[in-house]
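For reference, the structure discussed in these notes is given below.
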Amino acid sequence: MEKRNGMTILCDTREHKEQLYRVMRQIKAAGHECRIQKLDTGDYQIDGLPGVVLDRKQDLLELCSNVCQQHERFQRELARAREQGIKLIFLCEHGKEIRTVEDVKAWINPRIARSPKATTGEQLYKSMMTMINRYGVSFHFCEKKNTGSEIARLLEYYNSHDERRDP
């Protein structure tokens, strides 16, 4: 990714330190600055542009846990972002096999082997589509090696498009 002029990405203090430093190294390698500070919503945003926030998920298991096990808390967070006029983007570092929301349908939850009642890929997909339609959130996927550049790309894209449609 080519160097951008003056783009500083804020990184939330509550991000796991090991992951935060990995992502910050990637953001800096992509030609951007980083600063750590507490964010009210999400994990990353462009300094001075609080209307678009990115929340990083380490994989579909973490996203599934948020959507299913922590459903009420997660829904309140989505509603609060919508009420504040914040575009919320989720970036899931799941890897090569998941590239789109549609790909989630085929995901096999590793917890199914221990619990037949565990959330299936199809169920997670339906929940994600409900969140997209109800709250206007966006879901994107990447490999861990590309997280920093994807964070910068997505934040820049959504901040430069008033309608905040998906790229």
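Quick notes
- Gaussian network model of the chain, Cα within-10 Å springs - most flexible of T119, T41, T130: T130
- For the range 8-160, the fraction of alpha-carbon pairs in successive 10 Å shells from zero, as %: 11, 42, 35, 11, 1
- Candidates R56, R111, R22, ranked by Gaussian network fluctuation over the chain, Cα under 10 Å, top entry: R111
- Using a Förster distance of 22 Å, the FRET efficiency for A106-C68 (Cβ separation, nearest 0.05): 0.75
- Between the range 13-54 and the range 96-165, the alpha-carbon center distance in angstrom: 19
- Ranked list, fewest to most other Cβ atoms within 10 Å of each Cβ, for H140, H16, H94: H16, H140, H94
- Radius 12 Å from Cβ of Q84, net charge of other residues (Lys, Arg +1; Asp, Glu -1): 0
- On the beta carbon distance between A118 and R80, with R0 = 22 Å, the FRET formula returns roughly 0.20.
- Charged side chains reduced to their Cβ positions (Lys and Arg at +1, Asp and Glu at -1) give the chain a dipole of some 320 debye around its Cα centre.
- Among F141, F74, F90, residue whose mean-square fluctuation peaks in a GNM of the chain (springs only between Cα atoms under 10 Å): F74
- Subset of K38/K105; K117/K145; K57/K105; K38/K117 violating a 29 Å alpha-carbon distance limit: K38/K105; K117/K145; K38/K117
No lab work stands behind these numbers, since they all come straight from the coordinates. Quick caveat: nothing in here was measured; it's all calculated off a predicted structure. All Cβ positions, even for glycine, are placed from backbone atoms using ideal geometry, and neighbour counts span all protein chains on display.
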